[in-house]
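The values are calculated or read from the model by the stated rules, or taken from the named source; none is laboratory data. Predicted model only: the values in this text are computed from it and were never measured. Quick reminder, even Gly has a Cβ in these numbers, built from the backbone with ideal geometry, and neighbours come from all protein chains shown. We work out accessible area using only protein heavy atoms, side chains counted, and drop any ligands, DNA or RNA first. Shrake-Rupley method; radii C 1.70, N 1.55, O 1.52, S 1.80 Å.
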Amino acid sequence: RIAQVYTEREDWARAYSLYNRIGDDSATARMVEKAGTSLIRNAQFALLAKWIDALPVELLDARPNLISHKGTVLLIQGQVDKSLEYLDRAEIAQRANKDRSGLARTLARRATAQRYLGKYQASIQDGMEALELSKGKADLRLVQAEANRAIGASYNYLGKLDQAYDTLNRSLSLYRSVQDSQNIAMVQLELGVCCQYRGNTQNAVKHYEQSLNYWLSVNNTSRQSFVLNNLGSLHYLSGKYVEAAKLFERALTLAKSNGIQRSEAYLLYNLGKLYVDLEANDSARDAFQQTRDACQSLDDHYLLLMTDLAESAMARREGELSRAHAYLKSAQKLIQKSQSGFENSLWSLEAGSLSLSENNPGKAAQYLT
């Protein structure tokens, strides 16, 4: 009875401890299932993972919502392909059980996983269905906010920046309506990226700083590393290399200390780009190789593509044209999977530059056009 009271009060740790003492696995599974959404919202992923992994396999398999929680934890840990397997399993079971609320949550989560893999249209499709399933349900506003955020971020990578900005603002409004400060700060980061792509540096800085102020106030150094990375990239684009390097290195220290591999990988990529511009090519190659190593476990389509293009550009500048072609070919295979016009335009820019280096202006004009 005391464990039930703790569960109702959302005092999850005490409830879990008592159910463990009783040895009631079924009650523990019910409690972890109920706690999952709250623990995910409060970034207590390690605790949720520990509790789920401690459950008997047959109990996990019988509860689609727990399978969905497990998929979300794997997504945060960077195991995107494995995460997708769990989210797919949860989706099939929730459709069979006609669990509309659970299915909406799973689809909103899967929309993020699809985006990481470069499957932008699939991400938008999952997000749209999650919105339809949660439409008009006040208790699912968080799902609506999460789905809008995933859709908006995918629009970013498709180059549909006006749609991205509007969708991300809808997400921001929904998170504000439930006073979810943490996710408000996360969407501010996405809006900053969108403004940066649109060339609106002033608004990008405003969104990044609002996000950073929140993470500083709660002393969340892992999230600080993400925002500092983006602020550093703005300085880099402005040619302020010293300021950019300081921000990247500060963010990299925070990312390493927190074990945030995705943030660390993006920072290494940005440092590699910075080294290229400073003509420190050996350092750049080392940074790009470390980025690639991280991508193997992160399944991050976009970062791998950008690394291929950056290494192609570096090889081209060094006169290693056959090596530049090899990187371009690798990048082209990635774009064929994503079908992103935005990503294809980045590839065409580098392909045009390489054609110019080969004294083929006709071919270069086709790519650049």
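Among the residues that make up the stretch 310-325, is at least one of them of a type in the set (Ser, Thr, Tyr) and open to solvent by 20 Å² or more (accessible area, probe 1.4 Å)? For the stretch 310-325, residues of a type in the set (Ser, Thr, Tyr) and open to solvent by 20 Å² or more (accessible area, probe 1.4 Å): present.
Within the stretch 6-124, which helices (runs of 4 or more DSSP H) (wholly inside it) include 3 or more residues that are over 18 Å from Gln144 (Cα atoms) and of a type outside the set (Ser, Thr, Tyr)?
Working: elements: 12-22, 25-41, 45-53, 57-61, 64-76, 80-96, 100-116.
The qualifying helices (runs of 4 or more DSSP H) are 12-22, 25-41, 45-53, 57-61, 64-76, 80-96.
Looking at Leu84, Leu66, Leu117, just one residue is closer than 30 Å to Lys135 by Cβ, in contact (Cβ under 8 Å) with a residue 60 or more places away in the chain and among the aliphatic types (A, V, I, L, M), and that residue is Leu117. Could you say whether any residue in the stretch 187-204 is among the acidic types (Asp, Glu) and over 19 Å from Arg41 (Cα atoms)? Within the stretch 187-204, none of the residues are among the acidic types (Asp, Glu) and over 19 Å from Arg41 (Cα atoms).
Can you pull out the helices (runs of 4 or more DSSP H) entirely within the stretch 130-210 that have at least 1 residues that are closer than 22 Å to Arg223 by Cβ, more than 18 Å from the chain's Cα centre (by Cα) and of a type in the set (Ser, Thr, Tyr)?
Values: elements: 141-158, 161-177, 181-198.
Once the helices (runs of 4 or more DSSP H) in the stretch 130-210 are filtered for at least 1 residues that are closer than 22 Å to Arg223 by Cβ, more than 18 Å from the chain's Cα centre (by Cα) and of a type in the set (Ser, Thr, Tyr), what remains is 161-177, 181-198.
Just to verify a result, which residue in the stretch 172-209, among those that are among the acidic types (Asp, Glu) and farther than 13 Å from Phe226 by Cβ, is surrounded by the fewest Cβ atoms within 10 Å (Cβ to Cβ)? Lay out the reasoning, then the answer.
Initially, the stretch 172-209 is screened for residues among the acidic types (Asp, Glu), giving 180, 190, 209.
With farther than 13 Å from Phe226 by Cβ added as a condition, the list becomes 180, 209.
Numbers: Asp180: 19, Glu209: 14.
The qualifying residue surrounded by the fewest Cβ atoms within 10 Å (Cβ to Cβ) is Glu209.
Residues in the stretch 138-157 that are within 30 Å of Trp347 (Cβ to Cβ) and either out of contact with any Phe, Trp or Tyr (no Cβ under 6 Å at 6 or more places or on another chain) or open to solvent by 10 Å² or more (accessible area, probe 1.4 Å) (or both): Ala147, Asn148, Arg149, Ala150, Ile151, Gly152, Ala153, Tyr155, Asn156, Tyr157. Filtering the stretch 40-58 to residues that are at pLDDT 85 or above, open to solvent by less than 40 Å² (accessible area, probe 1.4 Å) and among the aliphatic types (A, V, I, L, M) leaves Leu48, Ala49, Ile52, Leu55. Among residues of the stretch 270-285 that are open to solvent by less than 60 Å² (accessible area, probe 1.4 Å), those with a Cβ under 7 angstrom from a residue that is of a type in the set (S, T, N, Q), sequence gap 6+ or separate chain, pair up as Asn270/Asn229; Asn270/Ser233; Gly272/Thr291.
Of everything in the stretch 213-253, what is under 25 Å from Ser181 (Cα atoms), in a loop (DSSP other than H, G, I, E, B) and either modelled with pLDDT of 90 or more or open to solvent by less than 20 Å² (accessible area, probe 1.4 Å) (or both)? Give them in sequence order. Scanning the stretch 213-253 gives Val218, Asn219. Taken as a whole, the condition of being surrounded by 23 or more Cβ atoms within 10 Å (Cβ to Cβ), under 19 Å from Leu231 (Cα atoms) and touching a residue at least 24 places away in the same chain (Cβ under 8 Å) does not apply to Leu305.
Of all residues in the stretch 328-340, which are open to solvent by 50 Å² or more (accessible area, probe 1.4 Å) and assigned to a helix (DSSP H, G or I)? Walk me through it before giving the result.
Start the filter on the stretch 328-340 by keeping residues that are open to solvent by 50 Å² or more (accessible area, probe 1.4 Å), which leaves 329, 332-333, 336-337, 339.
Those that are open to solvent by 50 Å² or more (accessible area, probe 1.4 Å) and assigned to a helix (DSSP H, G or I): Lys329, Gln332, Lys333, Gln336, Lys337.
A count restricted to the stretch 158-171 and to residues that are crowded, with 22+ Cβ neighbours inside 10 Å and either of a type in the set (A, V, I, L, M, F, W, C) or closer than 23 Å to Ser338 by Cα (or both) stands at 3. Scanning the stretch 1-39 for residues that are crowded, with 17+ Cβ neighbours inside 10 Å and among the acidic types (Asp, Glu) yields one hit, Glu33.
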